[in-house]
Amino acid sequence: MVGLKEELLKSIWHAFTALDLDRSGKVLSHNLCTVLNVPHDPVALEEHFRDDDEGPVSNQGYMPYLNKFILERVQGNFDKVEFNRMCWTLCAKKNLSKSPLLISDEDAFKVWVIFNFLSEDKYPLIIVPEEIEYLLKKLTEAMGAGWQQEQFDHYKIALNTSREGLSAWELIDLIGSGQFSKGMDRQTVSMAINEVFNELILDVLKQGYMLKKGHKRKNWTERWFVLKPNIISYYVSEDLKDKKGDIILDGNCCVEALPDKDGKKCLFLIKCLDKSFEISASDKKKKQEWIQAIQTTVNLLRAGSPPPHKEARQKRKELRQKLLAEQEELERQMKELQTANENKQKELETVRKQLEAAAARAAEEEKKRLQTQVELQDRFSLELEREKMVRQKMEEQVAQKSSELEQYLQRVRELEEMYKQLQEALEDEKQARQDEETVRKLQARLLEEESAKRAELEKWHLQQQQTIQMTEAEKQELENQRMIKEQALQVAMQQLEQLELERKEALEQYEEVKKKLEMAANNTKSWKDKVAHHEGLIRLIEPGSKSPHLITNWGPAAFTEAELEQRQKSWKGKKATSE
């Protein structure tokens, strides 16, 4: 009943929308009750359509009444063609094109009914390009012409660019224009429309003339047979005015071929529960077609399946719905992907801004780091300059002290050479000189250690300069090494201070040795005085003349050559006097 109701609603929709709004409900309701064999209830009709605010005459107001008082009471015992013709009569005059068509009004009516069968179940009603192609192919096949697929593809492309499909009146104009039936006369087109109408609307699966054997007289009579999904009707002629009988089909029926007999050929038998029917086709091809068509109909009845054209229509609708659902799902997924892409773009933009901010902070930090590094380098350079100046001063002082010490040692060596011949008297002086030599060696060793420490300090200074030029990644490790080297530098400074203390102690020891040497010199002087007094051989050391001095194995001599000759003469005179 649901499928029947949908089919009825499509024809009613055409009729309802064609009438005037204030009279459409009442006029249409009277006609529907008449053709659908539904009891008419004028009281309910007047109550529903009374002229006040509670029951407005409108599309929305009419549907509840149509469903409740008409469609729900339909039993199926009505003529579908008559029902469609009534709806067609109400809507055709207003909507049918005034331009001349290649088809008659009757053919236009059949096309309109076929449109209602093939159109989509949504309003306003349209027939989609796939169903248009199906209908045109059926018509072309019925006309015995070849299908022009390329021509329809061009038409389909032009149609899809402007709308989703055609209305009933546009479909009538398309078929009536002869665009897809060029070269065919009006009669051929009319026969094709009638054949498709019989198949799709009247459920005629097959029809044609055949001979039927009578049950009583056993004579053979020509009849016009019409095969439908559950019945085979036979008439006197194809105008269907004089019906002679029906063959009721069900799942228990069967059809089988019979051998030729009684001068009749192409025989086959239809077996039912109560009767069997012998039929003769015009030729073997017709015989085989009828056997196959009847057997297919019986198989569909056994399986409880609808007729092939209705099943095919349902499959096409399901396929379109599936494709539409897939397209909607694809669009939904595309929207989700687009939304996700937009969200990703926003996230990427946020990340980009964060990266830019981080880069700005990093640049600022790098700038501060470089500034700090420059300040540290300047500070280290100043400290190194101060240390260099201090070391230079220390070196100058050490050099000065060394020079003074060297001069002093030179004087000591001169004294040693001068008094070498006085070994016995200068024993204490010799011991003092040995002590002085020991102190000098100690001081020299201290100076060497100080030089080594200075070289090590210079090396550390160079390493510090290298570490300053290293990358920021190694700064922490170099800082640690610098701390260690600073500690080592402090230790070296402590050692240098210790060496300074030791040098001072050596100088003190040197002063003591000097004092001893002076005491020894005084003793030597007193001893020389005694010798000079007794022998006149030695005199006090006085500044010599500017004349050249004699050179001995121990260095410069204490007397000039003239003084020595005078001394020799004096010694010889004293020696001669004593003899």
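The values are calculated or read from the model by the stated rules, or taken from the named source; none is laboratory data. Small disclaimer: the values here were computed from a predicted structure and weren't measured. Virtual Cβ from ideal backbone geometry, glycine too; neighbours counted across all protein chains shown. Heavy atoms of the whole protein, side chains included, go into the accessibility calculation; ligands, DNA and RNA do not. Shrake-Rupley method; radii C 1.70, N 1.55, O 1.52, S 1.80 Å.
The accessible surface of the chain, taken with every protein chain in place and a 1.4 Å probe, is 52 percent carbon and sulfur.
Among the trypsin sites (Lys or Arg not before Pro) in segment 162-245, those placed in a DSSP loop whose Cβ has at most 15 other Cβ atoms within 10 Å are Arg163, Lys182, Lys216, Arg217, Lys218, Lys241. What separates the Cα centres of segment 427-496 and segment 344-394 is a distance of 33 Å. Listed values for segment 74-86 are Karplus-derived 3J(HN,Hα) couplings in whole Hz (6.51 cos²θ - 1.76 cosθ + 1.60, θ = phi - 60°), namely 5, 9, x, 8, 9, 8, 5, 5, 5, 4, 5, 5, 4, and x replaces Gly and Pro. Ordering Gly176, Phe277, Pro306 by the projection of their Cα atoms onto the charge dipole of the chain, which places +1 on the Cβ of Lys and Arg and -1 on the Cβ of Asp and Glu, puts Phe277 at the extreme positive end. Summarised as an ellipsoid, segment 320-399 has semi-axes of 74, 10, 4 Å, derived from the eigenvalues of the Cα gyration tensor scaled by 5 and square-rooted, with the largest first. Applying the Karplus relation 6.51 cos²θ - 1.76 cosθ + 1.60 with θ = phi - 60° to segment 360-377 yields 3J(HN,Hα) values of 5, 4, 4, 5, 4, 5, 5, 4, 4, 5, 5, 4, 4, 4, 4, 4, 4, 4 Hz, where x marks Gly and Pro.
Which far-off residues, 5 or more places away or on another chain, put their amide H under 5 Å from the one on Leu205, with H placed in the peptide plane? Amide H neighbours of Leu205, under 5 Å, 5+ apart: Leu227, Lys228. Judged by the mean number of other Cβ atoms found within 10 Å, the most tightly packed of the peptides 291-297, 6-12 leads the ranking 6-12, 291-297.
Go through 249-256, 28-35 and give me the packing order, highest mean Cβ count within 10 Å leading.
Values: 249-256: 15.0, 28-35: 18.2.
Result, highest mean Cβ count within 10 Å first: 28-35, 249-256.
Diagonalising the gyration tensor over the Cα atoms of the chain and scaling each eigenvalue by 5 before taking the square root yields semi-axes of 151, 30, 21 Å, largest first. Size of segment 464-511: Rg and Dmax of its alpha carbons, in Å, are 17.4, 56.
Helix 427-468 and the longest principal axis of the C-alpha atoms of the chain enclose an angle of approximately 20°. Heavy-atom accessible surface of segment 377-420, averaged per residue, reaches 74 Å², computed with a 1.4 Å probe. Our summary gives the chain a relative contact order of 7 percent, counting only alpha carbon pairs under 8 angstrom and 6 or more residues apart.
To the nearest ten degrees, helix 59-69 and the longest principal axis of the Cα atoms of the chain are 50 degrees apart. List, in the order given, every pair from Lys228/Lys287; Lys420/Lys516; Lys213/Lys285; Lys287/Lys315; Lys5/Lys243; Lys459/Lys504 whose Cα-Cα distance in the structure shown is over 22 Å. From the list (Lys228/Lys287; Lys420/Lys516; Lys213/Lys285; Lys287/Lys315; Lys5/Lys243; Lys459/Lys504), the Cα-Cα distance tops 22 Å for Lys287/Lys315; Lys5/Lys243; Lys459/Lys504. Cross-link reach is defined here as a Cα-Cα straight distance under 17 Å, omitting same-chain residues fewer than 8 places apart; for Lys441 the aspartates and glutamates meeting it are Glu404, Glu406, Glu449, Glu450, Glu500, Glu502, Glu505, Glu508, Glu511, Glu512. Projecting the Cα positions of Ala293, Val491, Ser99 onto the charge dipole of the chain (unit charges on Cβ atoms of Lys, Arg, Asp and Glu, taken about the Cα centre) puts Ala293 furthest along the positive direction.
Which peptide among 390-398, 437-445 comes first, and what is the full order, when sorted by highest mean count of other Cβ atoms within 10 Å? All intermediate terms of the calculation are to be shown ahead of the outcome.
On the way: 390-398: 12.2, 437-445: 15.3.
So the peptides 390-398, 437-445, ranked by packing, come out 437-445, 390-398.
Of all aspartates and glutamates in the structure, those lying under 18 Å Cα to Cα from Lys322, and not within fewer than 8 positions of it along the same chain, are Glu120, Asp121, Glu130, Glu131, Glu164, Glu311, Glu331. The helix-only estimate of mean residue ellipticity at 222 nm for the chain, built from DSSP H runs of length n ≥ 4 each weighted as -39500 (n - 2.57), is -23000 deg cm²/dmol after division by the residue total.
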